[in-house]
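The values are calculated or read from the model by the stated rules, or taken from the named source; none is laboratory data. None of the values given here were measured: they were computed from a predicted structure. Glycine also receives a Cβ, built like all others from the backbone with ideal geometry; neighbour counts cover every protein chain displayed.
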């Protein structure tokens, strides 16, 4: 509550000159009383509105707490005096009935002292059995609460311990991984250097291949190669060629058989003319097929 009061009082609006002067006087008086109590002088500092407001709030809180402490101390002193008076009356009564401490056996005195100490420990006003039972029950309840809290704390501690172990294990794994990665750094650098060299070689090869490609294109252009001669067209022409070879093979075999006949100029001339016509027809058929294939590709 005192801290809240100080925070609330420090956020004040700047007062007028008369109020400010009164607060400075109160602050000086309070500081003088506090430093005189410890035998020291008040240090010099500038009394600004902010510092005066803060010190005035602190002084108000301190004076309120001092007043409350004095009230409590006076109450304790009054109760102590009442307890001493009551003890004196009880001592007088016990002495009158012959039960003074000096006349009692030592074991009784020890028992009474033990009961008194137990009553003080249990914070009870008397040593009656009901009071002791109530205090014991209260201690038992507190003990149960403490055990429950201890069980919760142990459970939380176990969970935190498991988390800590997992974190340590994870940290160890990460450290080992980092060590392996650091060990692999030279190898990776060497591999990167090798790749860099290979990339340089590949770049130079690329330029070389590009130049060769350009040269081959120029060579094909000079050779009369046109884009119409695609792979499909060449395959189709090869099939036509095989077909023509198959068709012309019987004629070649027939021509070869003529070499075995006796020479007959008239028949030979007729046969040659006939084969020339067939060969011309075959060439014309091949040219038509080629023109058809080229037209299809276009």
query: Which one of these is assigned by TED's automatic domain parsing to the domain that holds residue 31, under 30 Å from residue 29 (Cα atoms) and free of Cβ contacts under 8 Å to residues at least 12 places away in the same chain: 60, 69?
result: 69
query: List pairs: first in the range 268-279 and at pLDDT 75 or above, second part of a helix (DSSP H, G or I), Cβ under 8 Å, 6+ apart or cross-chain?
result: 275/251; 275/254; 275/255; 278/251; 279/248; 279/251
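Assess whether residue 85 counts as being loosely packed, with under 12 Cβ neighbours inside 10 Å and either under 30 Å from residue 18 (Cα atoms) or touching a residue at least 12 places away in the same chain (Cβ under 8 Å) (or both).
No: the conditions fail for residue 85.
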